[in-house]
1. Return the total of residues in region 3-28 being modelled with pLDDT of 85 or more and of a type outside the set (A, V, I, L, M).
2. Which condition from (1) among the β-branched types (V, I, T); (2) modelled with pLDDT of 95 or more; (3) surrounded by 12 or more Cβ atoms within 10 Å (Cβ to Cβ) is the one that I94 breaks?
3. Out of curiosity, is K36 surrounded by fewer than 10 Cβ atoms within 10 Å (Cβ to Cβ) and more than 25 Å from L97 (Cα to Cα)?
Amino acid sequence: MFSINKSNFMKKIGMQAVDEAIENGIDLDGTPIPSKMLELYNRIMNEENKRERSGVKKSMRNRCVKTGSKHFDKETLDQLLIDSGWEGLKEKEILFLLQLVESI
């Protein structure tokens, strides 16, 4: 058995901290992640890892939209995508982002 220093988890930032917490089964606040949640997460990630890929740029854009929507307003994110050489926000993405904002 091992002990976890809770302060080590609380100070971490970024996706790497989240990945490490999931791997250890301990949330960033030091509390255990319920095993059923971990099982479902791992099951879904295993399925995703089996999915054939056709290219990286589409995945990069999807991540930019999903994560960027947490940090930029719709107009800014749209322009950032266009300025970077990607297609601007699609209608379905805008609708999804609006639903997220309304649910907050």
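The values are calculated or read from the model by the stated rules, or taken from the named source; none is laboratory data. In this text the structure is predicted, and so the values were computed from the model without any measurement. With ideal geometry, Cβ positions are generated from the backbone for all residues, glycine too; neighbour counts draw on all protein chains shown.
1. The total comes to 8.
2. Looking at each condition in turn, I94 falls short on (2).
3. Here the answer is yes, as K36 does meet what is asked.
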